[in-house]
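Notes follow the structure.
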Amino acid sequence: MPKNRDFNASCPISINDYPNVLLAHGSGGTLMNKLIEGVFKKEFNNKELHKSHDSAVLDIDSSRIAMTTDSYVVEPLFFPGGDIGSMAIYGTVNDLAMSGAVPVAISVGFILEEGLEMDKLIKIVKSMQFAANKAGVDIVTGDTKVVDKGKGDGIFINTTGIGLIKHKLCIEPFSVVDGDAIILSGDIGRHGIAIMAVREGLEFNTVIESDSAPLNELVSKLIDSNIEIHCMRDLTRGGLASALVEIAKTSKLQITIDENNIPVREDVRGACEILGFDPMYVANEGRFIVFVKHDHVDKALNIFHSHGLGMDAKCIGYVSSKNHGLVTMRSCIGTMRVVDMLSGEQLPRIC
């Protein structure tokens, strides 16, 4: 291959000629253009993206929008039930959904490490578009940078999402009130354990798959059914425990939960015992809690149970004004204990 081929603008360069990402793929020149055209635009195919402008122009007919941003640095890049690409889309969609927003558009920033296999990148990009289609959202703009080999971890993904709020609810921790019921959408801990099983080469009788999934459809069903929702939170880093503590401290109310009502699969529980983890703190990517008016619990649970992502939903506790900012849990043996945040992470680099 001639040494100056990368810089020959008239030469038709095929992505297939480059099995690995090169620094030149982030140089702003021909190779970068070919990467954008041959990988990103090919998969993220929509009118706004193909304008090739510095920003996407969106027609938003709403007085209220939600906006979120997140970064994804998971290792390994592929795991049972998902990969870094689908997780980035679902995570962004879910953050928007937690404020009751309908996801509209996502921007994606890629930081690629020199040497990343091109087939891995293409597989991740295809997974992202599949996830976007499933969630009903468009990837409308983005950016690509390439760093020297050894200065990244294959691929980092940053996303920003915009969603429309089409209701009058104020869904946030400050809206939580004394007497609210807390509903958990399903079993906890699967995402973190799925990552650890692959990373550590652990084998169990069953394959533990991540729960990574888009939650916006289920949330929309709750809102459309006039459930009085006061707060929602998806249970990512820090798991169920950290989410509850954050909301209790912000709302200055006490949360009391019952461990017997928190679903944990037996294989996940067993893996946690082997690894020394508490499933209450293990990350999830397709689970959330919702604080609802106490007399809306049964109606809300019926909606959860009619949806594939909420079949195992349970009411796990209630809110009171007894002790400001405290989370307590009645254990399986009937004793009460305080639930607090961990001082560090028990599961590094899982989302």
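Each value in this text was obtained by applying a stated rule to the coordinates, not by laboratory testing. Everything numeric in this text was worked out from a predicted model, so none of it was measured. Note: ideal-geometry Cβ built from the backbone for every residue, glycine included; neighbour counts use all protein chains shown.
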- Task: Multiply the residue separation of GLU246 and ASP119 by 0.36 nm, subtract the distance between their alpha-carbon atoms, and state the gained length in nm to one decimal.
- Result: 41.7 nm
- Note on the structure: Computed over the Cα atoms of segment 5-164, the Rg and Dmax in Å are 15.9, 51
- Note on the structure: Restricting to lysines and to Cα separations under 29 Å from LYS34, and discarding same-chain partners fewer than 8 apart, the set is LYS3, LYS42, LYS47, LYS51, LYS120, LYS123, LYS126, LYS134, LYS145, LYS149, LYS151
- Message: Below 16 Å, Cα to Cα, which lysines can LYS299 reach? Residues fewer than 8 away in the same chain don't count.
- Response: LYS221, LYS314
- On Cα atoms only, tilt of 190-200 relative to the major axis of the chain in degrees: 50
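In percent, how large is the relative contact order of segment 5-164, given Cα pairs closer than 8 Å and 6 or more residues apart?
Numbers: 270 pairs, mean separation 55.3, N = 160.
Worked out over segment 5-164, it gives 35 percent.
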- Message: Just to be sure I understand the model, the point goes 7 Å from the Cα along the line to the Cβ. What's the resulting MET67 to CYS332 distance in nm?
- Response: 4.6
- Item | Additional length obtainable on full extension of the chain from PHE78 to ASP258, 0.36 nm per residue less Cα span | 61.4 nm
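When ranked by the protection proxy of mean other Cβ atoms within 10 Å per residue, highest first, what sequence do the peptides 80-89, 164-173, 18-27 form?
Working: 80-89: 24.1, 164-173: 15.9, 18-27: 18.2.
Put in order of decreasing packing, that is 80-89, 18-27, 164-173.
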- Task: Please express the Cα-Cα pair-distance distribution P(r) of the chain as a list of whole percents, one per 10 Å bin, running from 0 to the bin with the greatest distance.
- Result: 5, 24, 30, 23, 12, 5, 1, 0
- Message: If packing is taken as the average count of other Cβ atoms within 10 Å, what order do 198-205, 39-46, 147-154 fall into, highest mean first?
- Response: 39-46, 147-154, 198-205
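Using a 10 Å cut-off around each Cβ, can you sort CYS231, CYS272 from fewest to most neighbouring Cβ atoms?
On the way: CYS231 26, CYS272 21.
Ranking CYS231, CYS272 by Cβ neighbours within 10 Å, fewest first, gives CYS272, CYS231.
Would you mind calculating the gained length between HIS305 and LYS149 on full extension (0.36 nm times residue separation, minus the Cα-Cα distance), in nm to one decimal? Intermediate values should be presented prior to the final figure.
Values: separation 156, 0.36 × 156 = 56.16 nm, distance 4.76 nm.
This chain segment gains 51.4 nm when fully extended.
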- Tell me which residues come under 5 Å, amide H to amide H, from GLY186 once H is placed; ignore anything under 5 positions away on its chain. PHE288, LYS314
- Of THR69, THR206, THR160, the most mobile residue in a GNM of the chain (C-alpha springs, cutoff 10 Å) is THR206
- Note on the structure: Between ASP298 and ARG269, the two model label points (7 Å from Cα along the beta-carbon direction) sit apart by a distance in nm of 2.9
- Under 17 Å from a point 7 Å along the Cα-to-Cβ line of ASN226: which residues of segment 161-193 have their amide N that close? 167-170
- Applied in sequence order to segment 218-230, the curve 6.51 cos²θ - 1.76 cosθ + 1.60 (Karplus, θ = phi - 60°) yields integer Hz couplings, x standing for Gly and Pro, of 5, 4, 4, 5, 5, 5, 5, 8, 6, 5, 7, 8, 9
